[in-house]
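One structure is given below, encoded as structure tokens.
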Amino acid sequence: MDPWAVVVRHGRWYLLCHSHRADAIRTYRVDRVHAVGQTPHEFEPPEDLDPVAALEENLGTGWEFPTRVVFDAPLTEVAPWIRPPMGRLYPAADGCVLVGSTNNPAMYAQEWLAAIPFAFRVEGGAELRAAVAEVATRFTAALAPHAPDGRE
């Protein structure tokens, strides 16, 4: 691999690089690197490389649980609410679709999706669907009528 940059994100250090084996951009947590060796070839990082943006985009893919969320709003309106680690946003017939992956469906549902002010449906990722259902159940319970003394 060709090491391009080290980026600190949320207290973790990541190595952003080009993997020759995968012929793709990869990110590795520096604290998980076990060995380092030097190769005889030289390389130059891409001239237009924005290490932070590339890391954020790369962190939105390759995780254990797939995600696919369809929004009933135009891409231009949804895009400002989407952070690169959430996946990639594409135009769709009646709105746009967010495709990515996560290692934490509960956080994805509670912190990311719940904050987006547009109607959406989760079409992919059984784990994400379950996490969204759990949030919906919790929010629905918050609206249940209660007795004046606080008991139901």
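General remarks:
- Filtered residues of region 17-56 (kept if under 23 Å from residue 100 (Cβ atoms), among the aliphatic types (A, V, I, L, M) and assigned to a helix (DSSP H, G or I)): 52, 53, 54, 55
- Selection status of residue 52, modelled with pLDDT of 95 or more and among the β-branched types (Val, Ile, Thr): no
- Residue in region 96-114 that is farther than 25 Å from residue 27 by Cα, more than 15 Å from the chain's Cα centre (by Cα) and of a type outside the set (Val, Ile, Thr) present: yes
- Test: residue in region 19-33 that is under 26 Å from residue 116 (Cβ atoms) and hydroxyl-bearing (Ser, Thr, Tyr): yes
- Of all residues in region 8-19, those satisfying the criterion of being more than 16 Å from residue 61 (Cβ to Cβ) and either at pLDDT 90 or above or open to solvent by less than 30 Å² (accessible area, probe 1.4 Å) (or both) are 8, 13, 15.
- Pick from region 22-51, criterion more than 24 Å from the chain's Cα centre (by Cα) and open to solvent by 90 Å² or more (accessible area, probe 1.4 Å), ranking: nearest to residue 85 (Cα to Cα): 47
- If you filter region 64-87 down to residues that are at pLDDT below 90 and outside any loop (DSSP other than H, G, I, E, B), you find that the one that is most open to solvent (accessible area, probe 1.4 Å) is 84.
- Contacts under 9 angstrom Cβ, first residue in region 1-12 being closer than 16 Å to residue 38 by Cβ, partner of a type in the set (S, T, N, Q) and assigned to a strand (DSSP E or B), 6 or more apart: 1/19; 2/19
Okay, residues lined up against (1) within 19 Å of residue 62 (Cβ to Cβ); (2) in contact with a helix residue (DSSP H, G or I) (Cβ under 9 Å, 6 or more places away or on another chain):
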| site | (1), (2) |
| --- | --- |
| 76 | no, no |
| 92 | no, yes |
| 96 | no, yes |
| 109 | no, yes |
| 113 | no, yes |
| 118 | no, yes |
| 122 | no, yes |
| 127 | yes, yes |
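- Residue 61 meets all of the listed conditions (1) surrounded by 13 or more Cβ atoms within 10 Å (Cβ to Cβ); (2) at pLDDT 90 or above; (3) not in a strand (DSSP E or B) but one, namely (2).
- For region 88-104, the set of residues classified as of a type in the set (Gly, Ala, Ser) and either farther than 17 Å from residue 53 by Cβ or modelled with pLDDT under 90 (or both) consists of 92, 93, 95, 101, listed by residue number.
- Residue check for residue 140: out of contact with any Cys (no Cβ under 7 Å at 6 or more places or on another chain), in a loop (DSSP other than H, G, I, E, B), among the hydroxyl-bearing types (Ser, Thr, Tyr) and open to solvent by 40 Å² or more (accessible area, probe 1.4 Å): no
The values are calculated or read from the model by the stated rules, or taken from the named source; none is laboratory data. Owing to the predicted nature of the structure, the values given are computational and were not obtained by experimental measurement. With ideal geometry, Cβ positions are generated from the backbone for all residues, glycine too; neighbour counts draw on all protein chains shown. The accessibility values were calculated without ligands, DNA or RNA, using every heavy atom of the protein model including side chains. Shrake-Rupley method; radii C 1.70, N 1.55, O 1.52, S 1.80 Å.
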